[in-house]
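> Sending over a structure as structure tokens; questions will come in a sec.
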Amino acid sequence: MKVKKLLTAAILALSLLFLFMPVLSQADAGQTIRRVTIRHEKNVAAYSRPTGHSRFLGWAKMSQQYNVLDRVRGDGTKSLPWWYLIELGNGQQAYIPENYTSPVIENVEERTVGYVWINPQQNLLIRRKPRSNSAQMGWARKMEIYPLLSKEKYSGYWEIAMPDGTLGYISAKNAFPYDPIEDAKTRWVYLPERCVIRKHPSSVDSPVLTGIGPGETLRCVYVYRKVLWYDDPEIWYEVETKSGGYGFIHSSVCELIEGEQPTVNKSDKLVHSTQNSEALATPSEAQK
């Protein structure tokens, strides 16, 4: 009797699944994408029907944008990937596979929830999906600012709008939240004692780039707040080094000063400071 009940329940569950599957497919088909960009690494072959076995009509050029006239399943089969109907440069209508494209975001300003700033130490790959093996869409240039489309990270990636409005994803490891007002201020870091500049904002697993101080002042390009679940956020200052590179100094060993570059006397002491500067570190903290 128990086996019969379980079998009946299983049949019912499968029946419900098949009943709602067309609804789910229709919902997916209802997504509105009006314009797409061909991902940046190659041209895409365009065909007379939504299948690679149909007649070749031409090329959709890499990095170019195309209006989407229709979005259909490959050869009309629900289990196959999506294809877009576009108009090529010669005026012909043709189909291209969706997986070689990325959507163009409409009304970027309305969808923007913030901004991210690219670490000046390196350019970042922009990917089509939030995965390290996803197709490359282009480069996020170091020290550039990009609109953020969601405050949530997807598998360690930020969802951004590229300069042409195309949707893309960049690694959150080297792209930091950016405040257009606060982070645009001119700031300097004064070092009262000798300390070290690190490659990353961490005193545990980050290589030391160089030692510096005392009495040095460096331009601060970013204030990084490292959120810790067990304590208050750690604050690191990303600075421009004397050699033109970039690195991080922990806030406990220096003083942050806004405005003009501060003056240091022959005794390596500040001639003046501002009310907005942070408290100086003690000598015992200077090697953190």
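Bear in mind that the values in this text are calculations on the coordinates, not laboratory data. This structure is a prediction, so every number in the text was calculated from the model and none was measured. Positions of Cβ are backbone-derived with ideal geometry, glycine not excepted, and every protein chain shown enters the neighbour counts.
> Can you grab the distance from the C-alpha centre of the stretch 47-85 to the C-alpha centre of the stretch 181-213, Å, no decimals?
Cα centroid to Cα centroid, the span is 51 Å.
> Report the local net charge at N119: Lys and Arg +1, Asp and Glu -1, summed over other residues whose C-beta lies under 12 Å from its C-beta. Don't skip to the end; give the middle numbers.
Details: positive: R141, K142, K173, K199; negative: E144, E238.
Counting the neighbours of N119, the net charge comes to +2.
> Which links in K129/K151; K151/K173; K185/K226; K226/K269; K199/K242; K185/K269 stretch past 18 Å when you go from one Cα to the other?
Listed pairs above 18 Å: K185/K226; K226/K269; K185/K269.
> Right, here's the next one. Could you name the aspartates and glutamates whose alpha carbon sits less than 17 Å from that of K78, not counting residues in the same chain fewer than 8 places away?
Within reach: D28, D70, E98.
> Hey, another quick one. Taking neighbour Cβ counts within 10 Å as the exposure measure, how do I145, I257 sort from fewest upward?
I145, I257
> To continue, here is another question. Mind giving me the nanometre distance, one decimal, between the label points for D75 and E234, set 7 Å out from Cα along Cα→Cβ?
A separation of 5.6 nm, rounded to one decimal place.
> Which of M137, M143 comes first, and how do the rest follow, when ranked by fewest Cβ neighbours within 10 Å?
M143, M137
> Using a Förster distance of 45 Å, how high is the FRET efficiency between D179 and S267, based on the Cβ-Cβ distance and rounded to 0.05?
Numbers: r = 36 Å, r/R0 = 0.79.
Using R0 = 45 Å, I get an efficiency of 0.80.
> Among Y84, Y222, what is the fewest-to-most ranking by other Cβ atoms within 10 Å?
So the residues, fewest neighbours to most, are Y222, Y84.
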